Amino acid sequence: MSPARTIDIDDLRRAAARKLGGWSKPPDDVHLDGLRCLASALARPGRYTEGELRLLQRELFVRILADLSVSRDIADHPEIADVPVRRPLLITGYGRTGSTLLHNLIALDPHMRAPRLWELWSPSPPPRPETAASDPRIAFARRRLKAFTAADPSILKIHPMAALAPDECHWMMRHNTLTPMFYQAPEYWEWLKQLSKGDLHQLYSHYRLQVQHLQLYVRGDVWVSKSPTTHLHFLPVLFDVFPDANVVRLHRHPSDAVPSLCSLVSGYRRLFAQRVDYAEIGSTLLDMFVDNMDRSMAAPADKAGQITDIQFEDLVADPVATVRSVYRRFGYPYGGASFEGAMARHLESEQAAKARHTYALEQFDLSQSEVIDRCGNYLRWLGTHGSGSVGGTPS
């Protein structure tokens, strides 16, 4: 692999091909451009030490290897492209808006297919039902989570994760909005923002193939995914790639959502670096909120019947009623008493494990007035679209 002060993407791709016995596939231009932009941003002087860059290089290698492995699976199993993805439910919004709660509850419905963390981290080969609880990749995911906890015990308290639990699709997507959160790479965020509709379509179409890949042997009636900021980023092409998708948009006041996400992101940053630039986190994540909401407000009017808006405070006040409203809105068959019993048990265990999360805008060099000013268009739009006021209890 490349020297510690640089990250050579071509070198990592060759190493991944060797790991797969020489199998390779020419990368799409937009995918390769993004990887090179990310590698260049990470290697900028003063951001990461040589040891930290070696860790980041390893992270990128794992991502490249996983992506190449899936591409090999798709080449070996052309029937993957024929796996149906009917009326998927995509949960969007900004981070810290209740998406994990909503996703976890809906995933309790046996008719819904929500991807588990272990299969998102190690998607190849396609998972099989007979090894759903014994696949060796589950142990790998548990070891990785232990490493997270060892590096920063607060992360899994603020945002619980488990190998067998549902998690976010960003983990398997080639390019996504979580990457500039996890790593100090503002140039990569700028690259991601300027992608053309054609570039977005190419990347999101590959995500659809990844969804089909995970469902080759393990299917449900409805694919249910949450990756709030990433799905919003791809909203300009979402209905082109998934014409019959149903979309949940979650809302929370940016004065709460932005610092809460900044706090979580600072924990992720500490996994890879001793020095964390809190002001850069604040600047990037506020800009991401504005960009996300601009894309949300520009959703196609002819798809309004496939979109529902949910307030954070309504979700936390009555999660089960919120789930019912989603099913009713989109006409999904509702599981009744057994489903509600499963949700009640989940909520009880979640409440027992809930940890207090404290944060403030000022920790990230932000102010209330700046946030309100930058997000003014969104807040005014929200007030005219039947969603009422936005607030909620900090978490």
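The values are calculated or read from the model by the stated rules, or taken from the named source; none is laboratory data. Note that this is a predicted model, so its numbers are computed, not measured. Don't worry about glycine lacking a Cβ; one is built from the backbone with ideal geometry, like all the others, and counts go over all protein chains shown.
The requirement of being under 30 Å from F272 (Cβ atoms) and not hydrophobic (A, V, I, L, M, F, W, C) is satisfied by P115.
Summed over the range 127-137, the residues that are more than 21 Å from the chain's Cα centre (by Cα) and either assigned to a loop (DSSP other than H, G, I, E, B) or in the same structural domain as V211 (by TED's automatic domain parsing) (or both) give a count of 5.
Residue-wise test of (1) in contact (Cβ under 8 Å) with a residue 40 or more places away in the chain; (2) polar (S, T, N, Q).
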| position | (1), (2) |
| --- | --- |
| L120 | yes, no |
| S124 | yes, yes |
| D135 | no, no |
| A165 | yes, no |
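When you scan the range 143-157, do you find a residue that is within 16 Å of the chain's Cα centre (by Cα) and closer than 21 Å to A352 by Cα, even just one? Yes: the range 143-157 contains one or more residues that are within 16 Å of the chain's Cα centre (by Cα) and closer than 21 Å to A352 by Cα.
Residues checked against (1) surrounded by fewer than 20 Cβ atoms within 10 Å (Cβ to Cβ); (2) in contact with a helix residue (DSSP H, G or I) (Cβ under 6 Å, 6 or more places away or on another chain); (3) of a type outside the set (G, A, S); (4) closer than 26 Å to L55 by Cα:
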| site | (1), (2), (3), (4) |
| --- | --- |
| R113 | no, no, yes, no |
| P129 | yes, no, yes, no |
| S134 | yes, no, no, no |
| A139 | yes, no, no, yes |
| R143 | yes, no, yes, yes |
| F148 | yes, yes, yes, yes |
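In the set (1) surrounded by fewer than 20 Cβ atoms within 10 Å (Cβ to Cβ); (2) out of contact with any Lys or Arg (no Cβ under 6 Å at 6 or more places or on another chain); (3) in contact (Cβ under 8 Å) with a residue 60 or more places away in the chain, the condition left unmet by P153 is number (3). Across the range 364-378, the qualifying residues are those that are surrounded by 16 or more Cβ atoms within 10 Å (Cβ to Cβ) and hydrophobic (A, V, I, L, M, F, W, C), and the one among them that is nearest to P160 (Cα to Cα) is F364. Sub-6 Å Cβ pairs linking a first residue in the range 241-269 that is under 25 Å from I155 (Cα atoms) to a second residue that is of a type outside the set (D, E) and part of a strand (DSSP E or B), at least 6 apart or interchain, are R249/T92; L250/I310; H251/Q311, ordered by first then second residue.
Counting only helices (runs of 4 or more DSSP H) that sit completely within the range 22-110, those holding 3 or more residues that are modelled with pLDDT of 95 or more, closer than 30 Å to H253 by Cβ and of a type outside the set (K, R) correspond to 99-106. Listed conditions (1) more than 30 Å from G335 (Cβ to Cβ); (2) surrounded by fewer than 18 Cβ atoms within 10 Å (Cβ to Cβ); (3) among the β-branched types (V, I, T) are all met by V218, apart from (1). Kindly indicate whether L235 is at pLDDT 95 or above and touching a helix residue (DSSP H, G or I) at 6+ places or on another chain (Cβ under 7 Å). When the stated conditions are applied, L235 passes them. Scanning the range 305-363 for residues that are acidic (D, E) and surrounded by 13 or more Cβ atoms within 10 Å (Cβ to Cβ) yields D309, E313, D314, E340, E350. Tell me yes or no: at least one residue of the range 5-20 is in contact with a strand residue (DSSP E or B) (Cβ under 9 Å, 6 or more places away or on another chain) and either at pLDDT 95 or above or not in a helix (DSSP H, G or I) (or both). No, the range 5-20 contains no residue that is in contact with a strand residue (DSSP E or B) (Cβ under 9 Å, 6 or more places away or on another chain) and either at pLDDT 95 or above or not in a helix (DSSP H, G or I) (or both). Does L214 satisfy the criteria of being within 29 Å of G267 (Cβ to Cβ) and touching an Asp or Glu at 6+ places or on another chain (Cβ under 9 Å)? Criteria met by L214. Screening A279 on (1) surrounded by 18 or more Cβ atoms within 10 Å (Cβ to Cβ); (2) among the hydrophobic types (A, V, I, L, M, F, W, C); (3) assigned to a helix (DSSP H, G or I) shows it passes everything except condition (1).
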